[in-house]
Amino acid sequence: MRVNIVLVSPQIPQNTGNIARTCAVTGARLHLVKPLGFEIDDKKLKRAGLDYWDKLDISFYDSLEDFLSRCDGERFYFTTKGQRVHSDCTFPDNAYLVFGREDAGLPEELLVTDRDHCLRIPMRNDLRSLNLSNSAAIAVYEVLRQWGYPELETRGELHRLNW
């Protein structure tokens, strides 16, 4: 089973680096939609992703329209404007979890076309939003939880001692 994380015009390299690391450790595919607010060789981006860059399955798109025309799975838009809670949704194989810019989110013109796929992560009403990399991690782990964490190790081992 495959889950996809889509970042539409991310602006902060550290967020994208953290999300790239999350993709690497979960097996999620990363999709970056231009324009990006940084260069892909940005030191901050690579530092946040550490040594996981060679473990990534990553695709780039020239625009949101380019991504939408090439997307081959069901899309779920994570937004503070969503009317449904993310954990009330059942995610299919090849789900695309779509996130917008840190400072602006996803275009409302896109959201209004698919209200039932606009999902909100619950949070206090008087605060703006969660950090983008935290939101992506919450979303991908909810999908993987529903799927029973396929191909992921669910038990850890001590390094010096035994359980």
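The values are calculated or read from the model by the stated rules, or taken from the named source; none is laboratory data. This one's a predicted model, so the numbers in the text were calculated from it and none came from an experiment. So basically every Cβ, Gly included, is an ideal-geometry build from the backbone, and we count neighbours across all protein chains shown.
What to note about this one:
- Yes/no for residue 145 being farther than 16 Å from residue 6 by Cα, of a type outside the set (Asp, Glu) and free of Cβ contacts under 8 Å to residues at least 24 places away in the same chain: yes
- Unique residue being closer than 26 Å to residue 92 by Cα, at pLDDT below 95 and of a type in the set (A, V, I, L, M) when the list is 56, 64: 56
- Whichever residue in segment 9-41 is of a type in the set (Val, Ile, Thr) and over 10 Å from the mean Cα position of the chain (by Cα) and, among such residues, is farthest from residue 72 (Cα to Cα): 12
- Consider segment 122-139 and keep the residues that are of a type in the set (Gly, Ala, Ser) and free of Cβ contacts under 8 Å to residues at least 60 places away in the same chain. The one that is surrounded by the fewest Cβ atoms within 10 Å (Cβ to Cβ) is 129.
- Near pairs, Cβ below 7 angstrom, 6+ apart or cross-chain, from segment 83-111 (in contact (Cβ under 8 Å) with a residue 24 or more places away in the chain and surrounded by 15 or more Cβ atoms within 10 Å (Cβ to Cβ)) to any residue that is assigned to a loop (DSSP other than H, G, I, E, B) and of a type in the set (A, V, I, L, M, F, W, C): 86/121; 96/71; 98/106; 100/106; 102/12
- Segments classed as strands (runs of 3 or more DSSP E), wholly inside segment 1-116, with at least 3 members that are closer than 26 Å to residue 153 by Cβ: 3-8, 29-33, 95-99
- Residue in segment 60-78 that is of a type in the set (Gly, Ala, Ser) and touching a helix residue (DSSP H, G or I) at 6+ places or on another chain (Cβ under 9 Å) present: no
Here is a yes/no grid of residues against (1) surrounded by 22 or more Cβ atoms within 10 Å (Cβ to Cβ); (2) at pLDDT 85 or above; (3) within 21 Å of residue 95 (Cβ to Cβ):
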| site | (1), (2), (3) |
| --- | --- |
| 3 | yes, yes, yes |
| 15 | yes, yes, yes |
| 31 | yes, yes, yes |
| 36 | no, yes, no |
| 41 | no, no, no |
| 46 | no, no, no |
